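Worksheet: the structure to be examined is printed underneath.
Nothing in this text is a laboratory measurement; each read-out follows from the coordinates by a stated rule. Just so it is clear, the model here is predicted, and its values are computed rather than measured. Note: ideal-geometry Cβ built from the backbone for every residue, glycine included; neighbour counts use all protein chains shown.
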Amino acid sequence: MKIAVCIKQVPARDSVLRLDGGRLQDSDLSYEINEPDAYALEEGLQLKEKHGGEVVVVCAGPERVGSTIREALAKGADRAIHIEGDLDAADPLGTATLIAKALEAEKPDLVLTGLQSDDLGYGQTGVIVAELMGLPHATIIMSVEVSASHMKIKRELENGFFQYVEVALPALLTMQSGSNKLRYATLMGIKKAKTKEVRKVDVAALGGLPEAAVTTVRMFLPERSKQSQIFEGDPRQAAAKLIEKLRFEARVL
Amino acid sequence: MSILAVLEQGNRMSLEALAASQQFGAELGLPVYAAVVGGGSAELADKKLDGVYTVEHALLSAYTADGYSLALHQLMAKLGSTLVVFPHTYQVRDFAPKLATSFRKVLVSDCIGHKVENGQIHFVRQVFQGKINAEVSFAGNPPFFASVQAGAWRADSVMAGSCTAETFTPELSAAQIRTKPLEPFRDAERAVDLSAAQIIVSVGRGIKEAENIAVAQKLADILGAEMAASRPICDNGWMPMERQVGSSGQTVAPKIYFAIGISGAIQHLVGMKGAKTVVAINRDPEAPIFEIADYGIVGDLFQVVPAIVDELRKAKA
């Protein structure tokens, strides 16, 4: 089966984020693969190992996302499509439009992506891609069993509930984090990745971004909703202060 | 022009979404309708609404993204809905983006606030895992779509009144429903009920390794507390799934909640923000957990937690 995995590059989890004039200052950020997308890639690689076929990685963004693409190839993806361009102003519909166009000629049997991004977190690019490509979809998926042209998937619901859903291929699934153990790239994998195909497609060649449906007016730091008392410095003194507060101020100890 | 609140039966977040919709209706001067798919609109009969629609069809008896999206598209067309408001539930996350895309629009998801400026509604949502907020506006013509975060509006501020209920029967055919959902189930009955715990010591990614959980366990032991964890810890198998707190785990409301090495992603916060007193211990002063903490210690948990245990020992002696 042909499996397309959509991955996004996001600022690293521990990044110190700074705002300047209501915009994120991105000059000194380091980047990594969006964590839920790493699980989507892992699921794709495992399905390929079980059923054969190929894994095609799709990633949209400027030149810097090339490092995330190489990493995916080093882990075992067969080839990649890099939708290259500045997507700062793109909304989820815009990005999904580009991905759907890039996948049109590929005709994948299965499209996988993470359930949401750790940066903007709209949590819907996958669903939009499915709608634009005319594919059925299911979200927040824990596991996938493929038999012939059908899948039985385990969907996470709220409050500890799950549900199996049956769907025919081709389809799109958005994967939950933690559903698999992520693999590391091997030395051999890293070496091989250098020879694998990365097809660059310019945003303009895909018809450009559609007009945005939503616009970010500004970004700002959240105000604390509670009056928190924060203790810093020496751990012993901070601990003593905390216990005193819990006993005599909050009176919960 | 009108607002449509798309609600789920017997769901607290749905009442919050209703409260939000009523507020938007008052501020924008628009009538507010509610829709419940598959029945259960009775609980809305005494709410201030311009109408309630029960969306009914044999093909909607079990939830599917295809069925819900097609049915609501038709209801919106009938009502001329300009703003559609949802609670940000797992189900909404599954179908609402599809519904919005069918209008070539984007769902502004998981909103925590709003403002109305020159008759235009702007929403505030969290980005970068809650470290930053973004104010978002809609472009082009309506309809517009937004989902509201659990706890961002208050269910008890729903305005009472009366409304008429109507049944809406969409046109659907079996071939349009492309997924076949089976019965929901739980993996195992929960052996641990954290909802009654008085004190909870909860660990997150900051604990780094399974062996380090012992550091927090010592604190739990001296306090007689229950242990809990954020999702990544349970995913790694470092603690049983049944001790997970958050949207996919348990909802707790203890007297004291120690959040140790937990950054405070919203998925975790919705499960514990009912705690009376929240104590956060984290290396990162910008971690969103500090926004809802009553007391916080910024520092290395491997030094701070043993220091707290020592202090408790001293206090006991």
**Complete:** Counted neighbours (other Cβ, 10 Å), sorted fewest up, put A:LEU29, A:LEU110, B:LEU312 in the order A:LEU29, B:LEU312, A:LEU110
**Complete:** Residue-normalised 222 nm signal for chain A, counting each DSSP H run of n ≥ 4 as -39,500 (n - 2.57), nearest 500 deg cm²/dmol, is -8500 deg cm²/dmol
**Message:** Above 35 Å lies some portion of the pair distances; for chain A, what is it as a whole percent of all C-alpha pairs?
**Reply:** 26
**Prompt:** Other chains' Cβ within 10 Å of B:240-250 residues: what's the mean?
**Reply:** 2
**Prompt:** Each residue of the range B:202-209 in turn: what ³J(HN,Hα) in whole Hz from Karplus with 6.51, -1.76, 1.60 and θ = phi - 60°, glycine and Pro shown as x?
**Reply:** 10, 10, x, 3, x, 6, 6, 9
**Item:** Computed E for B:ARG154/B:HIS73 - FRET, C-beta separation, R0 35 angstrom, nearest 0.05
**Value:** 0.70
**Prompt:** Where in the range B:134-159 is the amide nitrogen less than 16 Å from a point lying 7 Å along the Cα-to-Cβ axis of B:MET1?
**Reply:** B:138-145
**Convex hull (Cα only) mean projected area of chain B, reported in nm² to one decimal** = 18.1
**Request:** Averaging over all projection directions, find the projected area of the Cα convex hull of the protein assembly as shown and quote it in nm² with one decimal place.
**Result:** 26.4
**Prompt:** Evaluated at 37 °C with a viscosity of 0.692 mPa s, what Stokes-Einstein diffusion coefficient in µm²/s does the range B:194-316 have when Rh comes from the Kirkwood expression over alpha-carbon pairs?
**Reply:** 236
**Message:** Taking beta carbons within 10 Å but only from partner chains, what does the mean come to for residues B:90-99?
**Reply:** 6
**Item:** Between helix A:66-75 and chain A: long-axis angle, C-alpha atoms, 0 to 90°, nearest 10
**Value:** 70
**Prompt:** Mind checking which aspartates and glutamates have their C-alpha under 20 Å from B:LYS314, skipping anything on the same chain fewer than 8 residues away?
**Reply:** A:ASP234, A:GLU244, A:GLU249, B:ASP221
**Mean-position separation - Cα centroids, the range B:191-259 and the range A:7-75, in angstrom** = 30
**Prompt:** To the nearest 10 degrees, how steep is helix A:235-248 against the longest Cα principal axis of chain A, on a 0 to 90 scale?
**Reply:** 70
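In what order do B:GLU117, A:GLU32 fall by count of nearby beta-carbon atoms within 10 Å, going from fewest to most?
With the sparsest Cβ surroundings first, the list reads B:GLU117, A:GLU32.
Pulled fully out, how much extra length does the chain show between A:ALA105 and A:ALA168, if you take 0.36 nm times their separation in residues and subtract their Cα-Cα distance?
20.7 nm
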**Prompt:** Going by how many other Cβ atoms sit within 10 Å of their own, how do A:CYS6, B:CYS163 line up, fewest first?
**Reply:** B:CYS163, A:CYS6
**Message:** Relative contact order of the range A:2-206, please, whole-number percent, based on alpha carbon pairs below 8 angstrom and at least 6 residues apart.
**Reply:** 26
**Message:** Can you tell me what share of the DSSP beta bridges in the protein assembly as shown is antiparallel? A percent to the nearest 5 is fine.
**Reply:** 35
**Fill in**
Within 10 Å of the Cβ of an average residue in B:255-262, the count of other chain Cβ atoms is 1
**Message:** Please report the antiparallel percentage of DSSP beta bridges with both residues in the range A:51-173, rounded to the nearest 5.
**Reply:** 55
**Complete:** Taking chain B and counting helices only, DSSP H stretches of n ≥ 4 at -39,500 (n - 2.57) each over all residues, the nearest-500 ellipticity at 222 nm comes to -8500 deg cm²/dmol
**Loop-located GluC sites (Glu not before Pro) in the range B:171-234 whose Cβ has at most 14 other Cβ within 10 Å (DSSP)** = B:GLU171, B:GLU189, B:GLU209
**Under 17 Å from the Cα of A:LYS154 - aspartates and glutamates, other chains or at least 8 residues apart** = A:GLU42, A:GLU43, A:GLU145, A:GLU166, B:ASP94, B:GLU183, B:ASP187, B:ASP235
**Request:** Provide the packing ranking of B:231-238, A:37-44, B:65-72, i.e. peptides ordered by the mean count of other C-beta atoms within 10 Å per residue, highest first.
**Result:** A:37-44, B:65-72, B:231-238
**Asked** Based on DSSP, what percent of beta bridges with both residues in the range B:2-176 are antiparallel, to the nearest 5?
**Response** 35
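Anything in chain B that counts as a DSSP H helix reaching 20 Å or more along its axis (C-alpha) with Kyte-Doolittle mean of at least -1.0? List them, would you? Mind dumping the intermediate values first?
Details: long enough: B:12-28 (24 Å, 0.16); B:65-79 (21 Å, 0.39); B:301-316 (22 Å, 0.42).
Qualifying helices: B:12-28, B:65-79, B:301-316.
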**Degrees separating the helix A:35-51 axis from the principal Cα axis of chain A, which is the longest one** = 30
**Request:** Using every Cα-Cα pair within the range B:2-176, state what percent have a distance larger than 27 Å.
**Result:** 19
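Return the subset of A:LYS48/A:LYS101; A:LYS181/B:LYS115; B:LYS105/B:LYS180 for which the Cα-Cα distance in this structure is over 31 Å, preserving the input order.
Those over the limit are A:LYS181/B:LYS115.
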